[in-house]
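Every read-out reported here was derived from the displayed coordinates using simple, explicitly stated rules and does not represent laboratory data. Since this is a predicted model, take the numbers as computed values, not measurements. When we count neighbours, we look across all protein chains shown, and the Cβ atoms used for this are built from the backbone with ideal geometry, even at glycine.
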Amino acid sequence: MIETAGLKFSYSQKKEFELDVPFLNFREGEITSLIGPNGSGKTTLLKIITGIIERFEGTVRIKGKDIRGYGSKDRGRLIAYIPQAGADIFDFSVEEIVSMGRRPYMSFGAGAGKEGIKKINAALESFGLSDKKHRKMSELSGGERKAVYICRAIVQEAEILVMDEATAFLDIHHTADTLKSIKKLAKEGKTVITVSHDINLCSEISDEIVLMKNGKVKRTGKP
């Protein structure tokens with residue numbers, strides 16, 4: 001599903017940090033977890049794979065096509081990205097944020113439609129957020145914001161799910177729900193990529209673990 005080759009990226013010309021990943025693939029129906037210390041390049045790699053970072057050396061091919069060749073709507077149907085909670089705090093309501101997951105399927109100026117609204121409400125209910133759907137994101141806890149982003153990804157129905165610290169800030173109940181959702185999506189044939197500091201959690205859910213350090217892949221293998 002995702003093939004990368006010769007990836008190189010630095011945030012500055014001084015190259016105090018440089019991502020250097022010669023080769024890394026992610027397969028359909030599998031969960032791949034990226035682990036490693038802070039600053040090892042995990043989130044940077046996610047941002048390249050999802051197209052957030054566009055200027056980099058090398059290639060990222062999804063279904064045989066370069067990521068830079070996809071338009072924003074097509075990319076939205078392919079990839080759902082869940083950032084770290086708190087990375088982006090918008091003053092939108094919970095319902096508005098989750099509804100954004102349906103944008104790749106909407107015509108210009110149109111709403112989510114009856115079917116889309118059903119999916120949105122079902123996702124909110126599954127994470128216990130129905131009574132908070134009119135609350136502003138800035139009023140929520142870190143765990144609640146993370147759950148909102150997960151709901152948005154679920155209703156997006158993309159083929160690839162990319163999660164940065166998927167269970168960070170979540171309580172035990174929401175963590176269990178999230179892990180259950182991740183496993184279910186992989187069984188449905190979706191490509192799932194996660195970043196985590198929790199090695200035990202990665203070992204529990206992953207088909208492949210990628211260890212990163214100083215911008216490089218140090219080891220890959222089964223848990």
Fewest Cβ neighbours within 10 Å first, please rank 163, 106 accordingly.
106, 163
Here the stretch 175-183 yields Karplus 3J(HN,Hα) values (6.51, -1.76, 1.60; θ = phi - 60°; whole Hz; Gly and Pro given as x) of 5, 4, 4, 5, 4, 4, 5, 4, 5
The stretch 2-221, relative contact order in percent, only Cα pairs under 8 angstrom and at least six apart counted
33
Footprinting exposure proxy for 130, 72, 99 (fewest neighbouring C-beta atoms within 10 Å first):
72, 130, 99
Residue of 164, 207, 131 that the Gaussian network model of the chain assigns the largest fluctuation, springs spanning Cα pairs under 10 Å
131
From largest to smallest, what semi-axes in whole angstrom does the chain give when each is the square root of 5 times an eigenvalue of its alpha carbon gyration tensor?
28, 20, 17
Percent antiparallel among DSSP beta bridges (both partners in the chain, rounded to 5)
55
Other residues with Cβ under 10 Å from the Cβ of residue 223 give, with Lys and Arg +1 and Asp and Glu -1, a net charge of -2
The chain: angle of helix 142-156 to the longest principal axis, Cα-based, in degrees nearest 10:
90
In sequence order, calculated HN-Hα J values of the stretch 209-217 (Karplus, 6.51, -1.76, 1.60; Hz; x Gly/Pro):
10, 10, 8, 10, 7, 6, x, 10, 7
Which far-off residues, 5 or more places away or on another chain, put their amide H under 5 Å from the one on residue 212, with H placed in the peptide plane?
35, 36, 218
What ranking of 132, 183, 218, 146 emerges when the number of other C-beta atoms within 10 Å of each C-beta is taken as an exposure proxy, fewest first?
218, 183, 132, 146
Treating the angle as unsigned and between 0 and 90°, give the value, to the nearest 10°, between the Cα long axis of helix 113-126 and the longest Cα principal axis of the chain.
80
